[in-house]
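Working notes, structure below.
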Amino acid sequence: GLNVGDIAIAAEEIYGDEGVLCLDGFKDMTEIGLPIIITNNRQFYNKIELDKETIDKVFNIINKSYTCKKGTFITVSTCSGTLKRAKELKESYNGLCENMEGASIAHISNLYGLKMVEIRGISNIVEDRNKSAWDINLASRNAQEAVLAVLKAL
């Protein structure tokens, strides 16, 4: 896992709460047969994969200076404020990081055929809401420095 201040890079984005909640549980867009994106004869449901070569290059730059992991990011409309909800999302998508906007950026990038990189500094670990454990300044500073390192190296 990651700790506060570590860097996360998205390898793919998941629309974590796009779907329908039924009596027998949550059904994602794949299960209900509704693609979110149709482009270049491809259909994307909840998952949008990012360019592996680009992600690997960025990871190798950042990993020299920071604890850094790449993996699945889950975009949600309501942040997880409980350990129970975090575990549900982890079980469904095996996400590395939760956010509120990443999938929309991946969505638009995909529609226009653009590569994108999503770099995040970890400000808090999802648990039963405990703002005293957050460090937004550290996460922001590390993310900014990581982005600058990537820009200088490319």
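Looking only at strands (runs of 3 or more DSSP E) that lie completely in the range 1-70, which have at least 2 residues being touching a residue at least 12 places away in the same chain (Cβ under 8 Å), crowded, with 19+ Cβ neighbours inside 10 Å and in contact with a Leu (Cβ under 8 Å, 6 or more places away or on another chain)? Reasoning before the result, please.
On the way: elements: 7-15, 19-22, 25-28, 37-39, 42-44, 47-49.
Per the criteria, 7-15.
Take Cys97 and tell me if it is under 15 Å from the mean Cα position of the chain (by Cα), over 22 Å from Gln43 (Cβ atoms) and surrounded by fewer than 16 Cβ atoms within 10 Å (Cβ to Cβ).
no
Of all the residues that make up the range 14-34, how many are within 18 Å of Glu98 (Cβ to Cβ), modelled with pLDDT under 95 and hydrophobic (A, V, I, L, M, F, W, C)?
Of the residues in the range 14-34, 1 are within 18 Å of Glu98 (Cβ to Cβ), modelled with pLDDT under 95 and hydrophobic (A, V, I, L, M, F, W, C).
Cβ-Cβ under 7 Å, sequence separation 6+ or interchain: first residue in the range 119-130 and farther than 20 Å from Val58 by Cα, partner in a loop (DSSP other than H, G, I, E, B) and of a type in the set (S, T, N, Q). Which pairs?
Val126/Ser80; Asp128/Thr82
Residue by residue through the range 1-18, note down the ones that are within 18 Å of Ala106 (Cα to Cα) and of a type outside the set (D, E, K, R).
Scanning the range 1-18 gives Ala8, Ile9, Ala10, Ala11, Ile14, Tyr15, Gly16.
What are the residue pairs meeting all of these: first residue in the range 132-146, first residue without any contact (Cβ under 8 Å) to a residue 24 or more places away in the chain, second residue not in a helix (DSSP H, G or I), Cβ atoms under 7 Å, and 6 or more apart or on different chains?
Ile136/Ser123; Ser140/Gly121
The values are calculated or read from the model by the stated rules, or taken from the named source; none is laboratory data. Everything quoted here is computed from the prediction, not taken from an experiment. So basically every Cβ, Gly included, is an ideal-geometry build from the backbone, and we count neighbours across all protein chains shown.
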